[in-house]
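Asker: I'd like to ask some things about the structure below.
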Amino acid sequence: MDKLIYDLKNNNSLDDGDLKCLLETDMYDEELYKAADAVRRANYGDSVYIRGLIEFTNYCKNDCYYCGIRRSNNNVDRYRLSKEEILACCENGYILGYRTFVLQGGEAPYYTDERICDIVSGIHKLYPDCAITLSIGEKNYESYKSFFDAGAKRFLLRHETADDEHYKRLHPESMSLDNRKRCLFDLKDIGYQVGSGFMVGSPYQTTDNLVSDLRFLQELKPDMIGIGPYINHKDTPFAGEKNGTLELTLRLVAILRLMFPYALIPATTALGTISPNGRELGLKCGANVVMPNLSPVETRKKYDLYENKICTGEEAAECRGCLERRVTLAGYNIVTDIGDVKEHA
Ligand code: SAH
């Protein structure tokens, strides 16, 4: 085991067979978690970065089979936040100590490049000391460049699965893994800090697929890596499919920390949804970011990617205090600085 962990840490000399073996057994979990926490502490101490998540629209032109806000789901009560409403979320967040705002949404044609640039530059002007992250899906190079020039310096775009066949089973024909990858390399080329990642336990996923995900991430070298369990949604073609597990997600968080010591790795909302203390466990396995919800309480339930999503009720109006207590109890420390990624190759 020591050799496996050593190989994982030392520039990933682990071969696919060893990786598969690690992914398929719970025998080494405790050691993996401990090693991952040590690597995280060596690189980032006990710091946990916070990112204020603003889910600004649930309109989407795509029809991903797993996603609750897919175009074909007629049961979604669709909404869009105006620039003023988004700025109000940022103001609230700034007062609470957030120095990163993440604008996430479906791929909504209403938000033209011009509108996105206007929103981004509006935030940038008012909060020049804050980082602006976009998570708005697949665009062309010029669009990404215009958002960057307007002041967005980070972008989150999970590749979802790095296996072409698997990708086709999760998405309609109009979408392709090649385009998703093209987007990620364009974003890097422009100079964004880039986040990618995948769902754990999505329908039809095999261990070989997960190995491909890790290999793709080695090629991309993203600054941020977000993973979370797949969680079923009843109004999708995958209704009734099994959820991803806490165990496999934690094992992967630990493996990612060992393979990418520098990376910013969130303990995701999906992890907190499948288990009441999922995010705390994620932190203990190497995650070092949390993304509390800054969206208006009225719209939170409508950003319904999967069932039983946490932090959508009235009581969650102020996620910051709740998460701060959770992070402290887990033995870490929320910091409010901008939280850029550490230098890496
Ligand atoms: N439209 C943007 C944002 C997508 S939502 C984009 O294309 O990047 C953010 C992430 O939620 C997705 O990348 C996906 O990995 C995750 N997600 C969507 N449906 C999910 C589900 N049913 N269970 C778990 N995660 C899901």
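Taken together, the values in this text are just the output of simple stated rules run on the coordinates, not laboratory data. Because the structure is a prediction, the values reported are computed rather than measured. Cβ coordinates were reconstructed from backbone atoms using ideal geometry, including for glycine residues, and neighbour counts include every protein chain displayed.
Asker: Normalised by the residues of the chain, what does the relative contact order come to in percent, with Cα pairs under 8 Å and at least six apart?
Answerer: 24 percent.
Asker: Quick one: Cα centre-to-centre distance for region 113-183 and region 218-244, in angstrom?
Answerer: 18
Asker: If eta is 1.306 mPa s and T is 10 °C, what Stokes-Einstein diffusion coefficient results for region 231-330, Kirkwood Rh from Cα pairs, in µm²/s?
Answerer: Here the translational diffusion coefficient equals 110 µm²/s.
Asker: Another one. Taking 0.36 nm per residue of separation and subtracting the Cα-Cα distance, what length does fully extending H124 through S13 add?
Answerer: In short, 35.8 nm is gained.
Asker: In Å and on Cα atoms, what radius of gyration and Dmax does region 273-345 show?
Answerer: Using the Cα atoms of region 273-345, the pair Rg, Dmax is 13.8, 43 Å.
Asker: Could you list, by residue number, the cysteines of the chain that have no other cysteine's beta carbon within less than 4.7 Å of their beta carbon?
Answerer: C21, C60, C89, C90, C117, C130, C183, C285, C311, C319, C322
Asker: Okay, moving on. Using the Cα atoms of region 105-245, I'd like the radius of gyration and the largest Cα-Cα distance, Dmax, both in angstrom.
Answerer: For region 105-245, the Cα-based Rg and Dmax read 16.1, 46 Å.
Asker: Rounded to whole Å and sorted largest first, what semi-axes of the equivalent ellipsoid does the C-alpha gyration tensor of region 48-112 yield via the square root of 5 times each eigenvalue?
Answerer: 26, 14, 9
Asker: Same structure again: In nm, give the distance between the simple-model label positions of L23 and D189, each being 7 Å from the Cα along the Cα-to-Cβ direction.
Answerer: 2.9
Asker: Placing +1 at every Lys and Arg Cβ and -1 at every Asp and Glu Cβ, with all other atoms neutral, what dipole size does the chain have around its Cα centre, in debye to the nearest 20?
Answerer: 460
Asker: What is the dipole size for region 1-140, taken about its Cα centre, with +1 at each Lys and Arg Cβ and -1 at each Asp and Glu Cβ, in debye to the nearest 20?
Answerer: Roughly 600 debye, rounded to the nearest 20.
Asker: Further question on the same structure: With bins 5 Å wide starting at 0, give me the P(r) of region 131-202 over every alpha carbon pair, in whole percents.
Answerer: Percent of pairs per bin, in order: 3, 16, 29, 21, 14, 10, 4, 1.
Asker: For the chain, just list the percent of Cα-Cα distances falling in each 20 Å bin from zero outward, please.
Answerer: Final binned percentages: 32, 63, 5.
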